[in-house]
Amino acid sequence: MPGHSLTRKTLKSTRRTAALLFLIVSSPLLAEVGYPVDLNSLPVYIRAGFSLEDGSIPSPDEEIGDDFLRLPAARNRPVIVPDLKLPGMPEREFPELRSLPPADFTLLWRFTLTDEDLTHMHNPVLLFAQIGEGWQIFINGRLLQKSMDSHPVNRRLLRVAVNPRFLVSGTNQIVIHLKGDPLSRETGLYYGSPYRIEEAADAEADVDQTLYIVLITIYSSIGLFHILFIFG
């Protein structure tokens, strides 16, 4: 029947359109290779504890153990330690007034680069919208930066130059040793984005945009407080 044929064609067209829209929407989250590297397009693995000697940190060619909690890719993905309910960690109570001694945590990402990606690197920078409280950053087992001073709160936006010689064609691995109060929301990656390896000029643009959003959020919060205060 002509009507049935038209209906089938319409359904096929609708399915193709839906599939295309899904690929367009999800493609940034599925892209796990290439430079620049968006760490939010990759799973991140986190566990309590950190040691370079006990074999708990796998090499890039080894499987990641079940002791790591896997967080899937997401465009806007904070990694706040007390929100993750890691095994053996104390739980926040309300109201929470305690401050606990710093604890150690391991964060891990893996990404793939090609020879062509490496040739496009001129001045790569690792950009973290926020990291705290203390940290050591390793790329393929090499220490990139360390800030483990005993500050009460050491949460900050971080930009650090990456030596391209530390990166390889194939699988690469970033490992972060986090150290902080397990009840503090300052321990971890508080803001959702950006977390990237990219050229320094692009990182500067991302920083400007991030600071602009933070300032708008602060000013909006202050304005809302004043409105509530007047109504009160």
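The values are calculated or read from the model by the stated rules, or taken from the named source; none is laboratory data. All values reported here derive from a predicted model rather than from experimental measurement. For accessibility, only protein heavy atoms count, side chains too; no ligands or nucleic acids. Shrake-Rupley method; radii C 1.70, N 1.55, O 1.52, S 1.80 Å.
Side notes on the structure shown:
- Using heavy atoms of the protein chains and a probe of 1.4 Å, the accessible area assigned to E62 is about 90 Å².
- For the range 77-138, accessible area per residue (1.4 Å probe, heavy atoms of protein chains only), Å²: 49 Å²
- Kirkwood hydrodynamic radius of the range 60-185, Cα pairs, Å: 16.4 Å
- Normalised contact order of the range 126-194, rounded percent, pairs of Cα under 8 Å and 6 or more residues apart: 48 percent
- By accessible area with a 1.4 Å probe, ligands and nucleic acids excluded, highest first: order of K179, K85: K85, K179
- In Å², nearest 10: area of D61 left accessible to a 1.4 Å probe: 140 Å²
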